[in-house]
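Notes to accompany the following structure.
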Amino acid sequence: MSSEEAGWRPYPGAYRAPRDLPRVEPGRVVGLGATCDLRGEYPDDACTRSFLVSEFAMLEDGRRVLLHADRGFTVTARSTGAPGDGTIPLHETRDSLTQQVLIVVLPDDEESGEEHPWSWLAELAQARGLEVTADDLRGLPYEVVFTDAVSRWLTPD
C-alpha cells in the first residue's frame with residue numbers, strides 16, 4: 001500500500017536538513033525512539049490532523065537526547081462519495097498512528113539499502129557527543145512515544 005493510500009502524507013517541509021544541536025554530556029546509548037506530537041490546535045470535528053515526529057537516543061541514565069525534529073505527516077478523513085458531507089470521521093488508534101510514525105522515520109531514498117537510517121542517526125548522535133555506531137544502533141530497542149496532546153486525541157484501542 002502506498003503512503004497516499006494509507007491516508008497520510010508528509011507534513012510540508014518535513015524533509016528539510018536537521019538543525020545543529022548542541023553537544024551533550026556523554027552517556028551510553030541503550031535505545032532509540034520517536035516522539036509524535038500534535039501540530040496545532042484543531043476543533044473536535046476537524047477532518048485533518050498534522051503531526052510532528054522527532055527521533056531521540058535513550059541513554060543509560062534515562063536522558064533522551066534529541067537527534068532530529070524534522071519529520072511529520074498529516075492524516076485526513078476519507079470521503080465516502082455519498083451525497084452531502086460524505087466524510088468518514090478521523091479514526092486513528094494508538095497502533096495505526098504508531099505504524100505511521102514508523103513509516104515517516106524510514107529513509108527518504110530507497111537507495112540507502114537500510115531498513116532504518118542507522119548511519120544517519122549514528123552521525124546525528126555523534127554530532128551531539130555520543131559515541132555510537134550504526135551497528136550499535138541496529139541492535140537497540142526502538143519505541144514510539146506520544147505526547148499528552150496526541151494521547152488525549154487518540155481513539156482508545
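At 1.4 Å probe size, put Glu25, Glu123, Glu41 in order of accessible surface, largest to smallest.
These residues rank, largest area first, as Glu41, Glu25, Glu123.
Subtract the Cα-Cα distance of Glu143 and Ser119 from 0.36 nm times their separation in residues, and report this length gain in nm to one decimal.
Using 0.36 nm per residue and subtracting the Cα-Cα distance, I get 6.8 nm.
How much length, in nm to one decimal, is gained on full extension between Val24 and Thr76, taken as 0.36 nm per residue of separation minus their Cα-Cα distance?
Going from the current span to full extension adds 14.9 nm.
The values are calculated or read from the model by the stated rules, or taken from the named source; none is laboratory data. In this text, all values refer to a predicted model and were calculated from it rather than measured experimentally. Keep in mind that these areas ignore ligands, DNA and RNA; they rest on the heavy atoms of the full protein, side chains included. Shrake-Rupley method; radii C 1.70, N 1.55, O 1.52, S 1.80 Å.
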